[in-house]
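Worksheet: the structure to be examined is printed underneath.
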């Protein structure tokens with residue numbers, strides 16, 4: 001089979017060399033985007049009088065036939081044709097004859113592949129933003145059921161202060177909201193058209209790049225043809241936003257894995273998101289959460305891999321840049337799969353409210369309440385901190401907790417302590433009273449849920465992608 005660029009060559013590569021250099025095994029994922037770009041390009045060639053209307057119509061019909069076959073999975077790709085562009089052009093020529101070769105007039109594979117990836121990431125970014133919103137909705141639903149469910153809050157993985165479980169869950173809502181905003185902001189760089197930049201220097205044909213950009217729904221065109229074909233910042237930015245998102249999902253994975261352990265028993269994962277052991281009949285493993293925690297490294301790897309590919313490349317296009325796609329495709333699959341799994345895991349998890357509440361009564365996470373109580377009565381906080389610290393040490397030695405101490409013992413530490421301290425030390429009251437803005441107090445959590453619903457309602461507008 002003669003290659004479409006074979007004119008100046010006197011030798012053909014061996015089959016294994018072709019296989020090493022070909023990208024069709026993975027870039028066939030861009031088939032619909034490639035056809036979409038070609039249809040816009042042909043429409044522009046006709047508009048500008050570069051090819052006549054009859055030729056353009058024949059080419060468009062041929063492209064539509066290929067599109068129908070692609071959607072049905074009926075296209076057969078060849079390594080000999082290297083990539084998605086040459087495969088489709090070869091198929092088009094087979095479909096409608098030599099006139100199909102005019103589809104490549106005034107463009108290069110360099111601007112063609114860049115256009116494909118802009119179209120692909122625009123679509124996938126919109127999908128990911130929608131999936132983030134769906135996951136946020138499940139978080140809000142769970143949080144609404146657990147505004148007054150008390151759980152130990154941790155710092156350094158040590159008991160710190162009691163908090164509302166809804167408040168804990170909603171921390172992830174706002175992380176995801178930042179993730180969503182990063183992806184949405186990246187669309188400004190994704191939704192730019194490189195089509196018509198040619199190999200690197202533009203073209204002598206009187207094309208209208210703005211016209212193809214408008215047909216494809218792009219907001220603008222690249223202003224520099226060298227930049228247009230060599231830029232992969234938009235993919236790096238997507239992978240960066242994806243890495244931050246996966247980091248957030250991994251943190252929640254870790255917490256759910258801990259919470260579902262025998263030591264915590266705070267939650268139970270649904271059977272649909274758990275697996276058993278081939279040897280230990282009693283096991284119920286949080287495998288989906290563990291997989292998401294592990295797959296985070298794949299997305300990080302795609303980001304670092306592409307940064308490394310790009311760091312030493314001179315302008316403009318280089319074959320190294322063929323390595324930009326597999327990591328991008330893998331990241332998209334990993335991110336979308338993880339978001340779908342997480343929405344299901346959070347929606348179906350069983351929350352053991354009594355175990356969570358009991359955990360807050362068997363620790364010293366109410367120590368700050370006593371320190372604040374003393375500070376409110378005029379004792380300098382640092383002095384109050386020391387008083388309570390000594391009481392905690394006394395309790396540890398006596399194998400009891402602050403709420404177990406008789407009032408007379410507490411008064412020995414400070415005469416300012418009164419009977420009302422036992423209400424203050426109650427974990428439920430401790431949480432209820434923390435009503436500073438953004439705090440864990442129940443009224444603040446309800447306000448946060450109200451704001452979250454307003455945010456979700458405001459993001460229901462369809463994305464222009």
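The values are calculated or read from the model by the stated rules, or taken from the named source; none is laboratory data. These figures come from a predicted structure and were not determined experimentally. Glycine gets a Cβ as well: all are built from the backbone with ideal geometry, and neighbour counts include every protein chain shown.
Which of the residues belonging to the stretch 60-76 are part of a helix (DSSP H, G or I) and farther than 14 Å from residue 34 by Cβ? Talk me through it step by step, then tell me what you get.
Of the stretch 60-76, the ones part of a helix (DSSP H, G or I) are 60-71.
The answer is 60, 61, 65, 68.
Cβ separations smaller than 8 Å between residues 6+ apart or across chains give the following pairs from the stretch 356-371 residues that are without any contact (Cβ under 8 Å) to a residue 24 or more places away in the chain to residues that are part of a helix (DSSP H, G or I): 371/381; 371/384; 371/385; 371/387; 371/388. The lone criterion from (1) modelled with pLDDT of 95 or more; (2) over 23 Å from residue 118 (Cβ atoms) left unmet by residue 275 is number (1). Taking the conditions (1) closer than 29 Å to residue 445 by Cβ; (2) out of contact with any strand residue (DSSP E or B) (no Cβ under 7 Å at 6 or more places or on another chain) in turn, residue 146 satisfies each one other than (2). Of the listed requirements (1) within 19 Å of residue 117 (Cα to Cα); (2) in a helix (DSSP H, G or I); (3) touching a residue at least 24 places away in the same chain (Cβ under 8 Å), residue 213 misses just one: (3).
With respect to the conditions (1) within 29 Å of residue 293 (Cα to Cα); (2) in contact with a helix residue (DSSP H, G or I) (Cβ under 7 Å, 6 or more places away or on another chain), residue 370 lacks only one, and its number is (1). Residue 282 falls short on exactly one of the conditions (1) over 30 Å from residue 150 (Cα atoms); (2) part of a loop (DSSP other than H, G, I, E, B), and that condition is (1).
Every listed requirement among (1) part of a helix (DSSP H, G or I); (2) in contact with a helix residue (DSSP H, G or I) (Cβ under 9 Å, 6 or more places away or on another chain) is met by residue 408 save one, (2).
Taking the conditions exactly as written (in the same structural domain as residue 325 (by TED's automatic domain parsing), in contact (Cβ under 8 Å) with a residue 12 or more places away in the chain and assigned to a helix (DSSP H, G or I)), does residue 239 satisfy them or not?
Values: in the same structural domain as residue 325 (by TED's automatic domain parsing): yes; in contact (Cβ under 8 Å) with a residue 12 or more places away in the chain: yes; assigned to a helix (DSSP H, G or I): yes.
Judged against the criteria, residue 239 is a match.
Are any residues in the stretch 278-303 under 16 Å from the mean Cα position of the chain (by Cα) and loosely packed, with under 15 Cβ neighbours inside 10 Å, and if so, which ones? Full working, then the answer.
Restricting attention to the stretch 278-303, the residues satisfying the condition of being under 16 Å from the mean Cα position of the chain (by Cα) are 289, 291-303.
Within the stretch 278-303, 294, 297 meet the criteria.
Given the structure, is residue 258 surrounded by fewer than 23 Cβ atoms within 10 Å (Cβ to Cβ), modelled with pLDDT of 95 or more, assigned by TED's automatic domain parsing to the domain that holds residue 338 and under 25 Å from residue 362 (Cα atoms)? It is true that residue 258 is surrounded by fewer than 23 Cβ atoms within 10 Å (Cβ to Cβ), modelled with pLDDT of 95 or more, assigned by TED's automatic domain parsing to the domain that holds residue 338 and under 25 Å from residue 362 (Cα atoms). Number of residues in the stretch 216-236 that are out of contact with any helix residue (DSSP H, G or I) (no Cβ under 6 Å at 6 or more places or on another chain) and in a loop (DSSP other than H, G, I, E, B) equals 6.
Just one residue in the set 367, 343, 375, 359 is crowded, with 18+ Cβ neighbours inside 10 Å and farther than 25 Å from residue 144 by Cα; that residue is 367.
Selection over the stretch 47-58 of residues that are touching a residue at least 40 places away in the same chain (Cβ under 8 Å), in a helix (DSSP H, G or I) and more than 17 Å from residue 215 (Cα to Cα) gives a count of 2.
Of 241, 228, 214, all but one fail to be within 17 Å of the chain's Cα centre (by Cα) and modelled with pLDDT of 95 or more; the exception is 241.
Results for (1) free of Cβ contacts under 8 Å to residues at least 40 places away in the same chain; (2) more than 43 Å from the chain's Cα centre (by Cα); (3) in a helix (DSSP H, G or I), shown as yes or no for each residue.
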residue: 397; (1), (2), (3): yes, yes, yes
residue: 416; (1), (2), (3): no, yes, no
residue: 435; (1), (2), (3): yes, no, no
residue: 440; (1), (2), (3): no, no, no
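Checked against (1) farther than 26 Å from residue 339 by Cα; (2) without any contact (Cβ under 8 Å) to a residue 60 or more places away in the chain; (3) within 25 Å of the chain's Cα centre (by Cα), residue 258 meets all criteria but (1). When residues in the stretch 77-107 are screened for being more than 12 Å from residue 28 (Cα to Cα) and assigned to a helix (DSSP H, G or I), 16 of them pass. Within the group 308, 336, which residue is surrounded by fewer than 19 Cβ atoms within 10 Å (Cβ to Cβ) and in contact (Cβ under 8 Å) with a residue 60 or more places away in the chain? Result of the check over 308, 336: 336. Would it be correct to say that residue 184 is surrounded by fewer than 22 Cβ atoms within 10 Å (Cβ to Cβ), part of a helix (DSSP H, G or I) and not assigned by TED's automatic domain parsing to the domain that holds residue 447? For residue 184, the condition - surrounded by fewer than 22 Cβ atoms within 10 Å (Cβ to Cβ), part of a helix (DSSP H, G or I) and not assigned by TED's automatic domain parsing to the domain that holds residue 447 - is met.
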